[in-house]
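What follows is one structure encoded as structure tokens, with my remarks underneath.
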Amino acid sequence: MPWKAIGIFDSGVGGLTVLKEIITVLPQEDTIYFGDTARVPYGTKSPETVTRYSLEIASFLVKRDIKLLVVACNTASACALDALQSMLPIPVVGVIEPGARRAAAVTRSGKVGVIGTEGTIRSSAYAKAIKRINPEVEVVTRACPLFVPLAEEGWTDNEVARLTARSYLSGLREQGVDTLVLGCTHYPILKKVIGEVMGDGVTLVDSAEETARTVAGILQAKDLLRPSSERGNHHYFVSDVPGAFVRVGERFLGQRFWEVRQVSLAGQDEAAPSHLDIDPLKGDVQQVRLDAERN
Ligand code: DGL
């Protein structure tokens with residue numbers, strides 16, 4: 001059982017920020033990453049749709065015999081975590097609870113800001129989780145949808161990023177939050193600009209870092225950690241052609257991919273390229289030579 005891989009999924013490329021932290025904390029572990037690049041974004045979709053997509057992906061990953069599932073996408077964690085936890089026979093870790101726990105622990109003023117996609121903010125999942133831990137904490141939220149394309153475009157330290165951050169965040173700063181939860185996979189990429197706008201007195205909580213620590217704790221408690229002398233292998237699957245995932249993903253992950261495979265999931269057939277003859281969920285994949293993709 002300890003030799004099985006950790007499964008991790010996201011709506012696309014953003015979950016690689018969570019994977020990066022998991023690799024840092026648990027370099028000995030094998031991982032299987034799924035990015036639903038054919039159906040991204042999740043942040044603007046209904047909870048029902050996000051839950052359906054999440055269950056399809058979980059089914060694909062569980063068939064690959066994983067020992068634990070990480071829901072790296074904040075929107076999917078907000079909408080689908082309960083459904084995933086009740087349907088899967090393995091531990092399922094979302095990013096909301098770890099981020100909420102950290103925010104409740106570090107706030108001194110008792111006023112916490114949370115930023116995320118429209119779907120995550122609309123769900124109130126962070127506010128509910130923080131209040132479950134400490135009902136006294138006041139939570140102020142703000143959806144920041146433009147941060148996602150900025151991070152993917154690599155516009156993380158220029159005037160556009162600064163202007164966008166100022167218009168989204170000045171209200172939160174004026175309301176006196178002393179802690180800000182980065183409640184979206186992409187926001188750690190914009191940490192520098194977000195930190196500048198919020199100022200030195202505000203602690204940024206990175207849900208990705210907290211989630212990696214939570215995963216390590218669960219595996220340790222269940223005696224599922226691989227020996228620390230090992231070095232893990234990392235496998236990548238996406239639902240659309242991998243070109244853009246590779247280009248943006250290598251920047252998010254901070255390392256090169258060896259191989260990214262395209263796979264078709266049940267229910268997503270209409271989105272699959274017609275030239276692919278792939279059985280849903282049978283694990284048939286289109287292997288892509290990355291050198292060709294990069295050129
Ligand atoms: N991964 C999503 C999240 O963390 C952001 C991108 C999307 O909207 O799908 O909420």
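The values are calculated or read from the model by the stated rules, or taken from the named source; none is laboratory data. Predicted model only: the values in this text are computed from it and were never measured. As a convention, Cβ positions derive from the backbone with ideal geometry for all residues, glycine included, and neighbour counts pool all protein chains shown. For the accessible areas, the whole protein counts, side chains as well, though only heavy atoms, and no ligand, DNA or RNA atoms are used. Shrake-Rupley method; radii C 1.70, N 1.55, O 1.52, S 1.80 Å.
Numbers for the structure displayed
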| item | result |
| --- | --- |
| Residue check for residue 104: within 22 Å of the chain's Cα centre (by Cα) and within 30 Å of residue 58 (Cα to Cα) | yes |
| Subset of region 213-235 [in a helix (DSSP H, G or I) and aliphatic (A, V, I, L, M)] | 215, 216, 218, 219, 221 |
| When residues of region 102-143 are limited to those that are of a type in the set (D, E, K, R) and farther than 18 Å from residue 187 by Cα, the one most open to solvent (accessible area, probe 1.4 Å) | 108 |
| Residues of region 50-89 satisfying the condition of being open to solvent by 30 Å² or more (accessible area, probe 1.4 Å), under 21 Å from residue 217 (Cβ atoms) and not in a helix (DSSP H, G or I) | 88, 89 |
| Total residues in region 198-241, condition over 29 Å from residue 168 (Cβ atoms), open to solvent by 20 Å² or more (accessible area, probe 1.4 Å) and polar (S, T, N, Q) | 4 |
| Residues being within 30 Å of residue 1 (Cβ to Cβ) and touching a residue at least 24 places away in the same chain (Cβ under 8 Å) - total across region 190-226 | 18 |
| Those residues of region 1-46 which are of a type in the set (D, E, K, R) and more than 14 Å from the chain's Cα centre (by Cα), in sequence order | 4, 29, 30, 39, 45 |
| Subset tally (residues that are under 11 Å from the mean Cα position of the chain (by Cα) and in a helix (DSSP H, G or I)) for region 178-194 | 2 |
| Residues of region 217-236 classified as acidic (Asp, Glu) and more than 20 Å from residue 32 (Cβ to Cβ), total | 1 |
| Answer residue from region 173-189, given it is within 15 Å of the ligand (Cβ to nearest atom) and either without any contact (Cβ under 8 Å) to a residue 60 or more places away in the chain or farther than 10 Å from residue 207 by Cα (or both) and is surrounded by the fewest Cβ atoms within 10 Å (Cβ to Cβ) among those | 189 |
| Leading residue by the ranking (nearest to the ligand (Cβ to nearest atom)) among those in region 37-49 that are charged (D, E, K, R) and open to solvent by 30 Å² or more (accessible area, probe 1.4 Å) | 45 |
| Scan of region 7-33 for residues that are surrounded by 24 or more Cβ atoms within 10 Å (Cβ to Cβ), hydrophobic (A, V, I, L, M, F, W, C) and in a strand (DSSP E or B), ordered by number | 8, 9 |
